[in-house]
Amino acid sequence: MVERLLRMLRTFATRWRAVTWTFDNSSSDEATAVPGPGLGLDGLERALDRTTRAGRRAGQRLEPSLTVARERVPVSWIFALAALLVVYLATCGVPRLFDQIDGQYAGAAREMMVRGDWLTPTQDGVPRLQKPPLVYWCEILSMRVFGVNEFGARFPVALATAGWFLATGLLAQRVIGTRSAAFAAALTLAMFSGTFFFTHLVMPEPFLACFVALSFWSLLGAANVRNVETAKVDRWLMAAWTFIALGTLAKGIHALLIPIVAMSGTAWLSPSIRVVWRRFLLRPHGWIVFLAIVAPWYLMIEQRYPGFLRDHFFNEQIGSALSRRWPPDSDHVPLSMFWLEHLVLFFPISLLFPAAIRAAFRAHKDRRPWLREDVFLLVFWFLVNALGISFANIQDYYLMIAWPPVAVWISWAITKHSVSFKWPAIVIGLLGISGLTIASFLTASRLHDSSESSNSELIIGDTISNVFQVLPASIWTEIVPLLCLASTCAVVMGAFVLLFHRKGKSDLGLTGFALFMAAIFLISTRGMAVVQDEFSSAKVAKIIDSRSGPGSVVISQGSPNEKTTLFFYVHRQIFWVDGRPDMEFATRELGIGRDDYLTREQVAKMWRGSEQVFLVIEDYALAEWKKYLGLGAGESIPIGTCGSRVVLVNRYSEPSP
């Protein structure tokens with residue numbers, strides 16, 4: 001009985017102290033706190049402590065969970081995050097690898113594995129030195145375990161993405177101070193539609209994003225060390241330098257410049273962090289760790305390919321950042337379109353932006369100290385990227401390494417200000433109804449269009465909207481049912497979240513959004529499998545392998561950076577016609593692989609020769625090549641098609657079983 005009374009008194013004292021502390025700290029600057037109740041409860045707590053210690057000495061056992069308050073994370077959030085992680089990992093094997101980015105990294109890693117060379121990424125023996133090797137190394141390790149397939153190629157990216165979620169959660173816990181904020185931030189980042197689609201590509205950005213987030217988490221750890229205990233500060237800073245080095249080895253000097261500039265801007269506005277800033281930049285130990293990790297690969301490549309360092313840093317790294325790379329290797333996305341696309345890339349969390357902005361203004365109006373040095377550091381992190389890409393040859397995914405500050409901001413608004421999911425749920429429900437209407441319209445009109453060709457003249461820049469501009473009518477027949485299913489999920493989710501809102505279960509709103517996006521990601525994976533032939537050359541490789549004989553030659557129209565999945569799926573030499581040999585440093589400066597680029601005259605001569613020749617061209621060029629090669633009616637019939645690509649052969653062999 002006495003033990004139960006002590007527990008009740010202690011719980012009451014703790015809660016009453018929390019109420020009076022909140023009241024005192026939320027009062028105006030002119031008001032002064034009345035010390036009476038706090039002092040009385042202090043004495044009560046001291047008496048309870050003495051009684052507790054005496055009871056323990058007497059052999060009585062008091063529950064420790066009742067003397068230490070622990071924060072509860074909603075179980076539904078844990079379940080939702082686990083469900084999203086399962087979706088990210090389980091969908092690694094679908095669809096086929098896409099041309100351009102996927103094929104560049106996966107194809108080079110496959111070739112490195114075949115040659116047993118861990119130093120130089122190559123495509124058909126031509127060094128591909130645009131990016132450092134960490135991603136290639138991870139690809140090799142994964143494909144050794146899972147095989148040379150799509151899952152083996154994407155699995156390292158999925159692991160880096162999971163690490164990115166963890167790093168974002170650690171950031172949120174560091175800044176906001178609660179475990180619930182950590183789960184909310186990780187959920188938010190995992191729910192971004194852009195996160196799923198971009199991390200489904202084999203590219204270094206998820207690795208860079210993970211290491212940059214961990215480097216900022218380490219910098220915040222150093223900044224939050226009290227009494228400037230130099231040993232603890234230095235440990236955090238050495239961890240930051242390690243993550244910076246790994247990020248640099250994954251993508252480039254972005255991983256070094258972004259933390260340095262963001263930390264410098266924070267130190268300029270917040271004097272309290274300047275001691276840590278000086279130790280971060282001026283202490284040589286961090287630079288030594290950085291160079292020990294990064295320098296060996298760069299120096300060995302420079303020794304093997306003279307001139308690499310100059311071209312890599314001044315043309316590839318700095319030139320790309322200033323949109324001055326020569327020759328340009330991608331189209332420029334208009335800045336206005338880039339920012340408008342982010343409303344879609346952040347969906348459905350972008351629907352919470354108005355409420356989060358209002359919460360930030362309320363906090364500022366109430367004079368709450370939310371603009372601390374850790375918040376400044378996150379703001380500078382985002383601004384450095386946002387301003388930097390304004391001068392770059394913009395791509396859709398360039399800002400994704402600065403998405404964690406957005407996720408932390410949203411998690412702060414959700415956990416500290418109880419953001420309502422009512423109107424976002426209504427909007428998603430209306431979008432679902434609109435999707436069902438559009439699906440009905442497509443069923444009634446476009447699907448009856450017999451035209452299979454796509455209008456490539458509508459394509460603007462290098463944006464994700466291109467996916468919907470090149471699809472023939474036959475593909476839409478399979479897309480429409482998926483659109484109906486996704487729209488139905490939106491309507492159902494909107495209804496459930498509204499029901500949770502009416503019952504006052506606000507934490508289930510975030511859970512509902514997360515499970516909805518898990519379903520959308522699964523549906524989208526099926527959609528990508530439907531359209532994979534439009535964006536992958538995997539089927540081209542299958543056609544060639546089924547018809548090829550000994551000593552056959554493969555010639556593809558265009559440049560190697562266009563049909564890159566041929567390097568992954570076609571395990572033989574590939575020649576290029578109408579291509580640009582100046583795209584790669586090794587070919588442009590050292591002449592390596594220049595013989596792989598053929599003129600049309602050379603192609604015509606090989607076509608009339610004794611070797612079997614496969615010619616991969618775009619469908620719009622079929623008539624032109626038919627005339628140039630003098631093909632008859634039977635000779636100009638493609639042996640296979642893959643999206644807009646057609647495959648011709650000069651002489652047939654028996655199909656492989």
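Brief remarks on what is shown
- Ranked by how many other beta carbons lie within 10 Å on average, peptides 511-520, 573-582 from highest: 511-520, 573-582
- Computed extension length for ASP578-ALA360: 73.0 nm, one decimal, from 0.36 nm per residue of separation with the Cα-Cα distance subtracted.
- The slack in the chain from ILE78 to TRP423, taken as 0.36 nm per residue of separation less the alpha-carbon distance, amounts to 121.8 nm.
- Sorting the segments 305-311, 491-497 by their mean number of nearby beta carbons within 10 angstrom, highest to lowest, gives 491-497, 305-311.
- Protection proxy ranking of 501-507, 116-122 - average other beta-carbon atoms within 10 Å, highest first: 116-122, 501-507
- Residue exposure proxy: VAL649, VAL540, VAL276, VAL289, ordered by other Cβ atoms within 10 angstrom of their Cβ from fewest to most, comes out as VAL289, VAL649, VAL276, VAL540.
- Taking 25 Å as the straight-line reach from the Cα of LYS503, the lysines in range (excluding those fewer than 8 positions away in the same chain) are LYS416, LYS422.
Any read-out appearing in this document is the output of simple, stated calculations on the displayed coordinates, not a laboratory observation. Since this is a predicted model, take the numbers as computed values, not measurements. Positions of Cβ are backbone-derived with ideal geometry, glycine not excepted, and every protein chain shown enters the neighbour counts.
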